[in-house]
Amino acid sequence: MMPVNAPDAAVKGRGALDGLRVLDMSRVMAGPLAGQVLADLGADVIKIERPGRGDDTREWAPPFVTAQPASPLDDSAYFWTCNRGKRSVVADIATAEGQDLVRHLAAGSDVLIENYKVGSLAKYGLDYASLAEVNPRLVYCSITGFGQTGPYRFRPGYDTVVQGMGGLMSITGNADDMPGGGPRKAGIAVADQMTALYADVAILAALRERDRSGLGQHLDLSLLDVQVAALTNIGIGYLATGNLPRRAGNRLATVYPSDSFRCADGDVMIIVGNDGQFRSFCAALGLEGVAEDPRFARNEARLRHADLLAPLIEQALAPRGLADALALFEAAGVPASPINNLAQVFSDPQVVARGMVREIAREDGHRVRVIGSPIRMSRTPPRNDRPPPRLGEHTKEVMQEAGHVAGEIP
């Protein structure tokens, strides 16, 4: 069998989306990340940016990706997060020249991604209805906080606002009566990132449908919609019972033990998925008689008596070293992991073996470490070796390719 990362000679250097042209008119996280995934997979992604300043995140620094930034606008760590592999074109869409350039590029593109406020692009003639007249095959993806319809459609929406409104914060964090209790946001912009991935799924589906119909369409992605969809079993559980879920820290609501515990030199996360695993878990920790105790023998009983079981586990783990505990659980077939900080994550042998840390060379020779794509494909693997563009780096190049005639760069 061919190794997963060994591309077929016939397609070496070509991505799965080779030949696809994407206009990325988005800023910050959700839209740019959707564009970066497409760029990693081989699409030609052209990022349309404001002259002089570009994407907002170009100015969200420090931190920079290097101790010696080549440019304050080009080496923001945040900007590097979701813009690699793209080409940058500057265009002031408030001017007739800038609007003309975007229309010209849209006429020859397959996809357009934008995250302007609802209705903002219509006044420039760059909304879906206007560009569909120029290019009926265009797949036009709008990403907003609350969607193109509904009473909140004109509100600005950011990830943390949506985490709060969409229920995630109400189920994240310790219970109110516990130390550090209260709602908490996730440590990363999960609503933005999930929306980016849903957007790419919708884009690829629309392109597949276009193969049959010959027509593009308007895609309406909302951060709030995505966050509500991501409630999954917790949300369905509420709809089925009407019972509001309580915050439970690191515990799961469906199985127990499923929690973090303190060892002598670090923290371990444990999830025991069934009664057989629980018997193995108790044997590994020397918890004699616990697996046979009616209060703990079945998962449903363990959930009801979790506050009685937890101290027994804590006492058994407290004197043990983390490595010793993990070795015991691995031998017993019990799912467990260390709770790593980022230094430990990026040096973890599995993360290193999977190539999740990549190096990208800048033009000045400096090499920048970045997080690689998690996608593995046997014949057309994604690229991780192209840096984000300098502001306006490809404006003249793209204009010449498109045959756009203009006296000045708009």
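With respect to residue 157, is the statement that it is under 19 Å from residue 193 (Cβ atoms) and either of a type in the set (Phe, Trp, Tyr) or in contact (Cβ under 8 Å) with a residue 40 or more places away in the chain (or both) true?
Working: under 19 Å from residue 193 (Cβ atoms): yes; either of a type in the set (Phe, Trp, Tyr) or in contact (Cβ under 8 Å) with a residue 40 or more places away in the chain (or both): yes.
For residue 157, the condition - under 19 Å from residue 193 (Cβ atoms) and either of a type in the set (Phe, Trp, Tyr) or in contact (Cβ under 8 Å) with a residue 40 or more places away in the chain (or both) - is met.
Tell me the residue from 214, 147 that is touching a Lys or Arg at 6+ places or on another chain (Cβ under 9 Å), at positive phi, in contact (Cβ under 8 Å) with a residue 12 or more places away in the chain and crowded, with 16+ Cβ neighbours inside 10 Å, please.
The match here is 147.
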Candidate set: the stretch 85-132, residues that are part of a loop (DSSP other than H, G, I, E, B), without any contact (Cβ under 8 Å) to a residue 60 or more places away in the chain and of a type in the set (D, E, K, R); chosen: the one farthest from residue 20 (Cα to Cα): 117
Those residues of the stretch 43-73 which are acidic (Asp, Glu), over 22 Å from residue 369 (Cβ atoms) and either assigned to a loop (DSSP other than H, G, I, E, B) or touching a residue at least 60 places away in the same chain (Cβ under 8 Å) (or both), in sequence order: 49
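Go through 168, 215, 131, 204 for me and flag whichever is closer than 30 Å to residue 103 by Cα and under 26 Å from the mean Cα position of the chain (by Cα). Please lay out each step first, then the result.
Numbers: 168 fails: closer than 30 Å to residue 103 by Cα; 215 fails: under 26 Å from the mean Cα position of the chain (by Cα); 131 fails: under 26 Å from the mean Cα position of the chain (by Cα).
Sole residue among the options that is closer than 30 Å to residue 103 by Cα and under 26 Å from the mean Cα position of the chain (by Cα): 204.
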Any hit, the stretch 192-211, residues being open to solvent by 40 Å² or more (accessible area, probe 1.4 Å), touching a residue at least 60 places away in the same chain (Cβ under 8 Å) and either over 25 Å from residue 20 (Cβ atoms) or in contact with a Lys or Arg (Cβ under 6 Å, 6 or more places away or on another chain) (or both): no
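Does residue 328 satisfy being open to solvent by less than 80 Å² (accessible area, probe 1.4 Å), hydrophobic (A, V, I, L, M, F, W, C), touching a helix residue (DSSP H, G or I) at 6+ places or on another chain (Cβ under 8 Å) and in contact (Cβ under 8 Å) with a residue 24 or more places away in the chain?
On the way: open to solvent by less than 80 Å² (accessible area, probe 1.4 Å): yes; hydrophobic (A, V, I, L, M, F, W, C): yes; touching a helix residue (DSSP H, G or I) at 6+ places or on another chain (Cβ under 8 Å): yes; in contact (Cβ under 8 Å) with a residue 24 or more places away in the chain: yes.
Here the answer is yes, as residue 328 does meet what is asked.
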Criterion violated by residue 253 - all others in (1) modelled with pLDDT under 95; (2) within 30 Å of residue 107 (Cα to Cα) satisfied: (2)
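Please find, among 106, 94, 122, the residue that is touching a helix residue (DSSP H, G or I) at 6+ places or on another chain (Cβ under 8 Å), open to solvent by 60 Å² or more (accessible area, probe 1.4 Å) and hydrophobic (A, V, I, L, M, F, W, C).
On the way: 106 fails: open to solvent by 60 Å² or more (accessible area, probe 1.4 Å); 122 fails: open to solvent by 60 Å² or more (accessible area, probe 1.4 Å).
Unique residue meeting the criteria: 94.
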Matching option when the condition is surrounded by 12 or more Cβ atoms within 10 Å (Cβ to Cβ), touching a residue at least 24 places away in the same chain (Cβ under 8 Å) and more than 25 Å from residue 88 (Cβ to Cβ), among 382, 338, 388: 338
Criterion: closer than 27 Å to residue 181 by Cβ and surrounded by 19 or more Cβ atoms within 10 Å (Cβ to Cβ) - qualifying residue of 257, 245: 257
Condition broken by residue 87, with the remaining ones in (1) open to solvent by less than 20 Å² (accessible area, probe 1.4 Å); (2) more than 30 Å from residue 236 (Cα to Cα) satisfied: (1)
Output for the stretch 228-261, where each listed residue is farther than 22 Å from residue 186 by Cβ and touching a strand residue (DSSP E or B) at 6+ places or on another chain (Cβ under 8 Å): 257
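The values are calculated or read from the model by the stated rules, or taken from the named source; none is laboratory data. This one's a predicted model, so the numbers in the text were calculated from it and none came from an experiment. Using ideal geometry, Cβ is built from the backbone for each residue, glycine included, and neighbour counts are taken over all protein chains shown. Calculation scope for accessible area: heavy atoms of the full protein, side chains included, ligands and nucleic acids excluded. Shrake-Rupley method; radii C 1.70, N 1.55, O 1.52, S 1.80 Å.
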